[in-house]
Amino acid sequence: MEFTNIYVKNLHVDVDEQGLQDLFSQFGKMLSVKVMRDDSGHSRGFGFVNFEKHEEAQKVGASPWLCFMEEAPSQH
């Protein structure tokens, strides 16, 4: 099965959808970007990036660039 959705964990609390889009735009066209939030609107420290093509998502998995976040999410 070919995947197009990427799970992104350990996001800094300040990373929003625009930040994820900026970070992952080098890999290809994205259909959607989502940072998951709690009921208070705080980041839960993970999100999803959905690419148009499997090959674009696959580039992310093959990239050593994945360790781009410096901190684990803070607890609220």
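Where a number appears in this text, it was derived from the coordinates with a stated rule and is not lab data. On a predicted model such as this, the values are computed, not experimentally measured, just so you know. Cβ atoms come from the backbone with ideal geometry, glycine included; neighbour counts cover every protein chain shown.
Just a few scattered comments:
- Note on SER25 and GLU2: with the Förster distance fixed at 30 Å, the Cβ-Cβ geometry gives a FRET efficiency of about 0.90.
- Taking every C-alpha pair closer than 8 Å and separated by at least 6 residues, the mean separation divided by the residue count of segment 5-62 gives a relative contact order of 43 percent.
- Kirkwood Rh in Å, taken over all unlike Cα pairs in segment 1-70: 12.3
- Residue-span extension gain [GLN18 to ASP39] - 0.36 nm each, minus C-alpha spacing: 5.5 nm
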